[in-house]
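For reference, the structure is listed below as structure tokens.
The values are calculated or read from the model by the stated rules, or taken from the named source; none is laboratory data. Everything numeric in this text was worked out from a predicted model, so none of it was measured. Neighbour counts are summed over all protein chains in view; Cβ atoms, including those assigned to glycine, are modelled from backbone coordinates with ideal geometry.
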């Protein structure tokens, strides 16, 4: 939380070790950044991972993990509408680490500006995509759908162009995620998943450098908490939620 600037905490995070029953070394990591209330965030913190498991269980060998993630996102978004969660919304970034034969895979999905960044040999590698209203491809998509962007906001209202919820804008603000897949290698040492409260004041490489330096100097310390404190000291005005996964 960032009590100096925010009166309510609308973020959530999830960490699930042994995410797949048949893969005890698999992991699920998620950060949800709510807006307009906690309704959608509170629904997602249990529903999204259940829907991902269901989609992987039914279709993983047919459609692939990325398509299963996309389906789970869209299904979860439809469910928030059925739950009458019409006015609140949430961005999200989810990462799956799965073992496939001898390969260790990182699958990522996101909507909005919650972001995941991998350290590959100390170099920052972004594995998500920021869906923001200053991104030209997203602006063109919104305009083609009959909408507009004003002041870097969709219809002058929302700074992100994709999210869960926000159903009054759903013809423009989609829940279809950006997805990526990456084979992990021995030089991949850290994964950061965080809301925009961190990325507003940290560049990707800065965050990776800070985490790696902190881990070297204090291996037993809470590096995620240290990164949150540093973001607040740098003047972020948003809530800050950070996951740091040592690979």
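Please work out which one of (1) in a loop (DSSP other than H, G, I, E, B); (2) surrounded by 14 or more Cβ atoms within 10 Å (Cβ to Cβ); (3) more than 14 Å from the chain's Cα centre (by Cα) is the condition residue 128 fails and give its number.
Failing condition for residue 128: (3).
Kindly provide the set of residues from segment 88-103 that are over 17 Å from residue 16 (Cβ atoms) and either buried (at least 18 other Cβ atoms within 10 Å of the Cβ) or in contact with a strand residue (DSSP E or B) (Cβ under 8 Å, 6 or more places away or on another chain) (or both), ordered by number. Quick ask: steps written out before the conclusion?
Taking segment 88-103 and keeping what is over 17 Å from residue 16 (Cβ atoms), we get 88-91, 100-103.
Passing the criteria: 88, 89, 90, 91, 103.
Can you pull out the helices (runs of 4 or more DSSP H) entirely within segment 176-247 that have at least 2 residues that are in contact (Cβ under 8 Å) with a residue 12 or more places away in the chain and more than 17 Å from residue 91 (Cβ to Cβ)?
Working: elements: 196-199, 204-217, 223-233.
Helices (runs of 4 or more DSSP H) meeting the threshold: 204-217, 223-233.
Please indicate, with yes or no, whether at least one residue in segment 226-238 is over 20 Å from residue 127 (Cβ atoms), modelled with pLDDT under 95 and under 17 Å from the mean Cα position of the chain (by Cα).
Within segment 226-238 (the criterion being over 20 Å from residue 127 (Cβ atoms), modelled with pLDDT under 95 and under 17 Å from the mean Cα position of the chain (by Cα)), the answer is yes, since at least one residue qualifies.
Any residue in segment 152-160 that is without any contact (Cβ under 8 Å) to a residue 60 or more places away in the chain, over 20 Å from residue 239 (Cβ atoms) and either assigned to a strand (DSSP E or B) or touching a strand residue (DSSP E or B) at 6+ places or on another chain (Cβ under 6 Å) (or both)?
yes
Which numbered condition in (1) farther than 19 Å from residue 20 by Cα; (2) touching a residue at least 24 places away in the same chain (Cβ under 8 Å); (3) assigned to a helix (DSSP H, G or I) is the only one that residue 56 fails?
All conditions pass for residue 56, except number (1).
Report whether or not residue 172 is in a loop (DSSP other than H, G, I, E, B) and surrounded by 18 or more Cβ atoms within 10 Å (Cβ to Cβ).
Numbers: in a loop (DSSP other than H, G, I, E, B): yes; surrounded by 18 or more Cβ atoms within 10 Å (Cβ to Cβ): yes.
For residue 172, the condition - in a loop (DSSP other than H, G, I, E, B) and surrounded by 18 or more Cβ atoms within 10 Å (Cβ to Cβ) - is met.
Out of the residues in segment 24-53 that are touching a helix residue (DSSP H, G or I) at 6+ places or on another chain (Cβ under 6 Å) and part of a helix (DSSP H, G or I), state the one that is surrounded by the most Cβ atoms within 10 Å (Cβ to Cβ).
Looking at the filtered set, the residue picked out is 40.
List every residue pair whose Cβ atoms sit under 6 Å apart, with the two residues 6 or more apart in sequence or on different chains, where the first one lies in segment 66-85 and is part of a helix (DSSP H, G or I) and the second, anywhere, is surrounded by fewer than 16 Cβ atoms within 10 Å (Cβ to Cβ) and modelled with pLDDT under 95.
Short answer, once both residue conditions are applied: 68/59; 68/60.
Does residue 88 satisfy the condition of being in contact with a helix residue (DSSP H, G or I) (Cβ under 7 Å, 6 or more places away or on another chain) and without any contact (Cβ under 8 Å) to a residue 24 or more places away in the chain? Reasoning before the result, please.
Values: in contact with a helix residue (DSSP H, G or I) (Cβ under 7 Å, 6 or more places away or on another chain): yes; without any contact (Cβ under 8 Å) to a residue 24 or more places away in the chain: no.
Here the answer is no, as residue 88 does not meet what is asked.
Only one of these conditions is not met by residue 138: (1) surrounded by 22 or more Cβ atoms within 10 Å (Cβ to Cβ); (2) in contact with a strand residue (DSSP E or B) (Cβ under 8 Å, 6 or more places away or on another chain); (3) assigned to a loop (DSSP other than H, G, I, E, B). Which number is it?
(3)
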